[in-house]
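Novice: Please find one structure pasted underneath; my questions will follow.
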Amino acid sequence: MIKDSNEQDSKKTETGLRTVQRAIDILYCFTLEEQELSLTEIANKISLAKSTTTRLLSTLEQNNLVVKDPLTLKYRLGEGIYYLGYVAGKSIKIREIARPIMEEIRDKTRETVNLYVLEENSRVCVEQCEGLQSIRHIVKIGEQLPLWTGAEGKVILAYQSLSFQQKIFEQVPSKERLNCLKEEIEKIKLQRCALSIDEREVGSAAVAAPIFNINGEVRACLSVSGPTNRFTPEVVEKYKLLVKEGAKVISEKLGYRE
(Lines give C-alpha, C1' and ligand atoms only; values in the text may rest on other atoms or scores of the structure.)
Protein backbone atom coordinates (compact mmCIF):
# COMPACT_ATOMS: atom_id res chain seq x y z
CA MET A 1 0.00 0.00 0.00
CA ILE A 2 1.41 3.38 -1.05
CA LYS A 3 0.81 6.16 1.45
CA ASP A 4 -0.31 9.53 0.25
CA SER A 5 2.63 12.00 0.25
CA ASN A 6 0.49 14.67 1.92
CA GLU A 7 -0.30 12.27 4.76
CA GLN A 8 3.40 11.50 5.21
CA ASP A 9 4.29 15.20 5.25
CA SER A 10 1.55 15.84 7.79
CA LYS A 11 2.89 13.15 10.12
CA LYS A 12 6.43 14.48 9.79
CA THR A 13 5.23 17.97 10.66
CA GLU A 14 3.28 16.68 13.64
CA THR A 15 6.32 14.75 14.90
CA GLY A 16 8.52 17.81 14.45
CA LEU A 17 6.12 20.04 16.36
CA ARG A 18 5.92 17.51 19.18
CA THR A 19 9.71 17.43 19.42
CA VAL A 20 9.90 21.22 19.55
CA GLN A 21 7.26 21.32 22.29
CA ARG A 22 9.14 18.74 24.34
CA ALA A 23 12.35 20.76 24.04
CA ILE A 24 10.46 23.86 25.22
CA ASP A 25 9.02 21.84 28.11
CA ILE A 26 12.57 20.93 29.17
CA LEU A 27 13.66 24.56 29.24
CA TYR A 28 10.68 25.50 31.41
CA CYS A 29 11.64 22.81 33.93
CA PHE A 30 14.28 25.16 35.29
CA THR A 31 13.18 27.73 37.86
CA LEU A 32 14.78 30.11 40.35
CA GLU A 33 14.30 27.41 43.01
CA GLU A 34 15.56 24.56 40.78
CA GLN A 35 18.39 25.96 38.71
CA GLU A 36 20.11 22.57 38.30
CA LEU A 37 18.33 19.32 37.47
CA SER A 38 19.41 15.75 36.79
CA LEU A 39 18.32 13.73 33.76
CA THR A 40 15.90 11.75 35.93
CA GLU A 41 14.37 14.89 37.42
CA ILE A 42 13.84 16.44 33.99
CA ALA A 43 12.38 13.24 32.52
CA ASN A 44 9.97 12.95 35.45
CA LYS A 45 8.92 16.59 35.19
CA ILE A 46 7.90 16.26 31.54
CA SER A 47 6.77 12.60 31.77
CA LEU A 48 9.15 11.45 29.06
CA ALA A 49 11.44 8.44 28.67
CA LYS A 50 15.06 9.02 29.68
CA SER A 51 16.32 7.99 26.23
CA THR A 52 14.17 10.62 24.48
CA THR A 53 15.00 13.24 27.13
CA THR A 54 18.71 12.53 26.66
CA ARG A 55 18.50 13.10 22.90
CA LEU A 56 16.65 16.39 23.39
CA LEU A 57 19.11 17.55 26.04
CA SER A 58 21.99 16.72 23.73
CA THR A 59 20.55 18.94 20.99
CA LEU A 60 19.88 21.76 23.46
CA GLU A 61 23.43 21.40 24.78
CA GLN A 62 24.89 21.62 21.25
CA ASN A 63 23.07 24.94 20.83
CA ASN A 64 24.28 26.24 24.22
CA LEU A 65 20.73 26.38 25.59
CA VAL A 66 21.61 23.99 28.43
CA VAL A 67 24.94 23.08 30.04
CA LYS A 68 25.84 19.78 31.71
CA ASP A 69 28.09 19.85 34.77
CA PRO A 70 30.80 17.17 34.23
CA LEU A 71 31.07 16.51 37.98
CA THR A 72 27.44 16.42 39.16
CA LEU A 73 26.04 15.42 35.73
CA LYS A 74 23.25 17.92 36.34
CA TYR A 75 21.94 20.34 33.74
CA ARG A 76 21.38 24.08 33.94
CA LEU A 77 20.34 26.75 31.45
CA GLY A 78 23.14 27.87 29.14
CA GLU A 79 24.41 31.22 27.94
CA GLY A 80 22.30 30.94 24.80
CA ILE A 81 19.19 31.42 26.91
CA TYR A 82 20.69 34.51 28.54
CA TYR A 83 21.48 35.97 25.14
CA LEU A 84 17.96 35.34 23.84
CA GLY A 85 16.50 36.82 27.03
CA TYR A 86 18.68 39.91 26.66
CA VAL A 87 17.57 40.40 23.05
CA ALA A 88 13.93 39.85 24.01
CA GLY A 89 14.21 42.32 26.88
CA LYS A 90 15.60 44.99 24.57
CA SER A 91 12.88 44.46 21.98
CA ILE A 92 9.92 44.37 24.34
CA LYS A 93 8.33 47.78 24.89
CA ILE A 94 6.53 47.85 28.22
CA ARG A 95 4.33 50.79 27.20
CA GLU A 96 3.04 48.93 24.16
CA ILE A 97 2.32 45.85 26.23
CA ALA A 98 0.67 47.76 29.07
CA ARG A 99 -1.51 50.15 27.06
CA PRO A 100 -4.41 47.80 26.15
CA ILE A 101 -4.49 46.42 29.69
CA MET A 102 -4.52 49.96 31.09
CA GLU A 103 -7.38 50.94 28.81
CA GLU A 104 -9.38 47.94 29.95
CA ILE A 105 -8.89 48.83 33.62
CA ARG A 106 -9.69 52.49 32.90
CA ASP A 107 -12.97 51.47 31.24
CA LYS A 108 -13.91 49.29 34.23
CA THR A 109 -13.03 51.85 36.90
CA ARG A 110 -13.52 55.11 34.96
CA GLU A 111 -10.48 56.34 36.91
CA THR A 112 -7.00 57.30 35.66
CA VAL A 113 -4.64 54.36 35.12
CA ASN A 114 -0.87 54.97 35.26
CA LEU A 115 2.31 53.13 34.35
CA TYR A 116 5.39 54.11 36.38
CA VAL A 117 8.99 53.02 35.95
CA LEU A 118 11.98 53.26 38.28
CA GLU A 119 14.49 55.88 37.17
CA GLU A 120 17.54 56.25 39.42
CA ASN A 121 16.09 57.23 42.84
CA SER A 122 12.66 58.29 41.60
CA ARG A 123 9.60 57.00 39.78
CA VAL A 124 8.46 58.41 36.48
CA CYS A 125 5.05 58.14 34.84
CA VAL A 126 5.66 56.91 31.27
CA GLU A 127 2.11 56.07 30.20
CA GLN A 128 -1.36 57.13 31.29
CA CYS A 129 -5.00 56.46 30.42
CA GLU A 130 -6.97 59.44 31.67
CA GLY A 131 -10.10 58.81 33.71
CA LEU A 132 -13.51 59.15 32.10
CA GLN A 133 -15.03 61.34 34.82
CA SER A 134 -15.09 65.14 34.84
CA ILE A 135 -13.07 65.26 38.08
CA ARG A 136 -10.05 63.01 37.74
CA HIS A 137 -6.46 62.66 38.88
CA ILE A 138 -3.76 63.47 36.32
CA VAL A 139 0.02 63.12 36.57
CA LYS A 140 2.37 64.68 34.04
CA ILE A 141 4.09 62.17 31.76
CA GLY A 142 7.83 62.25 32.47
CA GLU A 143 7.46 63.91 35.89
CA GLN A 144 9.84 62.56 38.52
CA LEU A 145 8.21 61.70 41.84
CA PRO A 146 9.60 60.29 45.12
CA LEU A 147 9.62 56.60 45.99
CA TRP A 148 8.94 56.97 49.69
CA THR A 149 5.41 58.32 49.30
CA GLY A 150 2.40 57.41 47.17
CA ALA A 151 1.19 53.91 46.37
CA GLU A 152 3.24 53.73 43.19
CA GLY A 153 6.49 54.78 44.85
CA LYS A 154 6.04 52.47 47.81
CA VAL A 155 5.20 49.40 45.72
CA ILE A 156 8.35 49.85 43.62
CA LEU A 157 10.50 50.59 46.69
CA ALA A 158 9.27 47.46 48.48
CA TYR A 159 11.02 45.19 45.96
CA GLN A 160 14.39 46.93 45.83
CA SER A 161 17.55 45.88 47.65
CA LEU A 162 18.04 46.83 51.29
CA SER A 163 20.94 49.13 50.38
CA PHE A 164 18.79 50.95 47.82
CA GLN A 165 15.91 51.25 50.31
CA GLN A 166 18.28 52.72 52.88
CA LYS A 167 19.19 55.56 50.50
CA ILE A 168 15.50 56.34 49.98
CA PHE A 169 14.79 56.16 53.71
CA GLU A 170 17.16 59.08 54.18
CA GLN A 171 14.74 61.25 52.20
CA VAL A 172 11.80 60.65 54.56
CA PRO A 173 11.14 63.87 56.52
CA SER A 174 10.30 62.37 59.92
CA LYS A 175 11.22 59.33 62.01
CA GLU A 176 7.55 58.55 62.63
CA ARG A 177 6.79 58.49 58.93
CA LEU A 178 9.89 56.39 58.27
CA ASN A 179 8.79 53.76 60.79
CA CYS A 180 5.35 53.61 59.18
CA LEU A 181 6.95 53.24 55.76
CA LYS A 182 9.15 50.33 56.87
CA GLU A 183 6.15 48.52 58.35
CA GLU A 184 4.10 49.13 55.23
CA ILE A 185 6.81 47.82 52.93
CA GLU A 186 6.61 44.41 54.59
CA LYS A 187 2.83 44.33 54.11
CA ILE A 188 3.17 45.41 50.47
CA LYS A 189 5.45 42.46 49.70
CA LEU A 190 2.92 40.07 51.23
CA GLN A 191 -0.12 41.59 49.52
CA ARG A 192 1.59 42.58 46.27
CA CYS A 193 -0.16 45.92 46.22
CA ALA A 194 -0.03 49.32 47.91
CA LEU A 195 -2.56 51.97 48.85
CA SER A 196 -2.20 55.70 49.44
CA ILE A 197 -4.93 58.05 50.65
CA ASP A 198 -4.23 61.81 50.84
CA GLU A 199 -0.54 60.95 50.97
CA ARG A 200 1.47 62.78 48.33
CA GLU A 201 -1.44 65.06 47.45
CA VAL A 202 -4.40 65.88 49.69
CA GLY A 203 -7.57 64.84 47.92
CA SER A 204 -6.04 62.10 45.79
CA ALA A 205 -5.78 58.34 46.30
CA ALA A 206 -4.13 55.46 44.45
CA VAL A 207 -3.82 51.69 44.39
CA ALA A 208 -0.70 50.16 42.79
CA ALA A 209 0.74 46.72 42.02
CA PRO A 210 4.30 45.68 41.03
CA ILE A 211 5.29 44.63 37.51
CA PHE A 212 8.02 41.98 37.40
CA ASN A 213 10.47 41.67 34.51
CA ILE A 214 11.97 38.47 33.10
CA ASN A 215 14.60 38.46 35.88
CA GLY A 216 12.01 38.77 38.63
CA GLU A 217 12.96 42.38 39.33
CA VAL A 218 10.47 45.19 39.88
CA ARG A 219 11.27 48.23 37.78
CA ALA A 220 7.70 49.34 37.10
CA CYS A 221 4.20 49.36 38.52
CA LEU A 222 0.58 49.76 37.47
CA SER A 223 -1.84 51.99 39.36
CA VAL A 224 -5.35 53.39 39.49
CA SER A 225 -5.67 56.92 40.90
CA GLY A 226 -8.49 59.36 41.52
CA PRO A 227 -10.18 61.65 44.04
CA THR A 228 -10.08 60.36 47.62
CA ASN A 229 -13.85 60.56 48.12
CA ARG A 230 -14.39 57.90 45.44
CA PHE A 231 -11.90 55.46 46.98
CA THR A 232 -14.19 53.86 49.57
CA PRO A 233 -13.06 50.62 51.28
CA GLU A 234 -15.23 48.52 48.94
CA VAL A 235 -13.92 50.31 45.85
CA VAL A 236 -10.32 49.99 47.02
CA GLU A 237 -10.66 46.20 47.32
CA LYS A 238 -12.07 46.03 43.81
CA TYR A 239 -9.27 48.18 42.42
CA LYS A 240 -6.63 46.09 44.18
CA LEU A 241 -7.83 42.98 42.36
CA LEU A 242 -7.88 44.79 39.02
CA VAL A 243 -4.38 46.30 39.24
CA LYS A 244 -2.87 43.08 40.62
CA GLU A 245 -4.35 41.06 37.77
CA GLY A 246 -3.34 43.70 35.22
CA ALA A 247 0.22 43.87 36.57
CA LYS A 248 0.39 40.06 36.52
CA VAL A 249 -0.59 39.92 32.84
CA ILE A 250 1.99 42.59 31.94
CA SER A 251 4.66 40.75 33.95
CA GLU A 252 3.97 37.51 32.09
CA LYS A 253 4.13 39.30 28.74
CA LEU A 254 7.55 40.62 29.79
CA GLY A 255 8.68 37.04 30.30
CA TYR A 256 8.22 36.74 34.07
CA ARG A 257 7.34 33.31 35.46
CA GLU A 258 6.18 32.83 39.04
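Novice: Only Cα pairs within less than 10 Å get springs; with that Gaussian network setup on the chain, which residue of 104, 184, 41 has the largest fluctuation?
Specialist: Highest fluctuation among the options: 41.
Novice: In nm, what is the difference between 0.36 nm times the number of residues separating residue 138 and residue 31 and their Cα-Cα distance?
Specialist: Numbers: separation 107, 0.36 × 107 = 38.52 nm, distance 3.96 nm.
Full extension of this stretch gives 34.6 nm more.
Novice: Which residue fluctuates most in the GNM of the chain (Cα springs below 10 Å): 191, 160, 21?
Specialist: Per the Cα network of the chain with a 10 Å cutoff, 21 tops the list.
Novice: How much accessible surface does residue 58 have with a 1.4 Å probe, in Å² rounded to 10?
Specialist: 50 Å²
Novice: Can you figure out the FRET efficiency of residue 199 with residue 62, using R₀ = 45 Å and their beta-carbon distance, to the nearest 0.05?
Specialist: Plugging the Cβ-Cβ distance into 1/(1 + (r/R0)^6) gives 0.25.
Novice: How much accessible area per residue does the chain have, counting only protein heavy atoms and a probe of 1.4 Å, in square angstrom?
Specialist: 59 Å²
Novice: Roughly speaking, to the nearest percent, how much of the chain's 1.4 Å accessible area is carbon and sulfur?
Specialist: Looking at the chain in its full context, I get 52 percent from C and S.
Novice: Let me ask another. How high is the relative contact order of the chain, given as a whole-number percent (alpha carbon pairs under 8 Å, six or more residues apart)?
Specialist: 14 percent
Novice: Show that you can apply the helix-only estimate: for the chain, add -39,500 (n - 2.57) for every DSSP H stretch of four or more residues, divide by all residues, and state [θ] at 222 nm to the nearest 500. Please report the intermediate quantities before stating the final value.
Specialist: On the way: 9 runs with 126 residues, N = 258.
Helices in the chain give a 222 nm mean residue ellipticity of -15500 deg cm²/dmol.
Novice: Next question. Of the cross-linked pairs 108/248; 93/175; 175/253; 45/244; 167/238, which ones have a Cα-Cα span greater than 28 Å in the structure shown?
Specialist: Numbers: 108/248 17 Å; 93/175 39 Å; 175/253 39 Å; 45/244 30 Å; 167/238 33 Å.
Over 28 Å apart, Cα to Cα: 93/175; 175/253; 45/244; 167/238.
Novice: Separate question: Would you mind checking which residues have amide H under 5 Å from residue 204's amide H? H placed 1.01 Å from N; only 5 or more apart, or other chain.
Specialist: For residue 204, the qualifying residues are 198, 199, 228.
Novice: Same structure, new question: Anyone know which of 157, 17, 65 comes out most mobile in the 10 Å Cα GNM of the chain?
Specialist: Top of the fluctuation ranking is 17.
Novice: Right, something else. Which label belongs to the value computed from this structure, given these candidates for Rg and Dmax of the Cα atoms in Å: (i) 19.1, 57; (ii) 21.4, 78; (iii) 23.5, 87?
Specialist: Recomputing Rg and Dmax of the Cα atoms in Å here picks out (iii).
Novice: Quick one: if you stick a label point 7 Å off each Cα along the C-beta vector at residue 96 and residue 229, how many nm between them?
Specialist: Here the modelled spin labels are 4.3 nm apart.
Novice: What spacing in nm lies between the two simple spin-label points modelled at residue 38 and residue 55, each 7 Å away from Cα in the Cβ direction?
Specialist: 2.4 nm
Novice: Please say if the range 43-196 is rounded, prolate or oblate, where rounded means a/c under 1.5 for a ≥ b ≥ c the square roots of the C-alpha gyration tensor eigenvalues, and otherwise the choice is prolate for a/b larger than b/c and oblate otherwise? Don't skip to the end; give the middle numbers.
Specialist: On the way: a/c = 2.74, a/b = 1.83, b/c = 1.50.
In terms of gyration-tensor shape, prolate.
Novice: Give the shape of the range 175-258 as rounded, prolate or oblate, defined through the alpha-carbon gyration tensor: a ≥ b ≥ c are the square roots of its eigenvalues, a/c under 1.5 means rounded, and otherwise the shape is prolate if a/b is larger than b/c and oblate if not.
Specialist: Oblate is the answer for the range 175-258, as a/c is 1.5 or above yet b/c matches or exceeds a/b.
Novice: Which whole-Hz ³J(HN,Hα) couplings does the range 116-126 yield from phi under the Karplus relation 6.51 cos²θ - 1.76 cosθ + 1.60, θ = phi - 60°, glycine and proline marked x?
Specialist: For the range 116-126, the Karplus-derived couplings read 10, 10, 7, 9, 6, 9, 9, 10, 10, 7, 10 Hz, x marking Gly and Pro.
Novice: While we're looking at this one, here's another question. Gain in length, residue 73 to residue 126, computed as 0.36 nm per residue apart minus the alpha-carbon separation, to one decimal in nm?
Specialist: Between residue 73 and residue 126, full extension yields an extra 14.4 nm.
The values are calculated or read from the model by the stated rules, or taken from the named source; none is laboratory data. All values reported here derive from a predicted model rather than from experimental measurement. In this analysis, Cβ positions are derived from the backbone assuming ideal geometry, glycine residues included, and neighbour counts consider all displayed protein chains. SASA here: full protein model, heavy atoms, side chains in, ligands and nucleic acids out. Shrake-Rupley method; radii C 1.70, N 1.55, O 1.52, S 1.80 Å.
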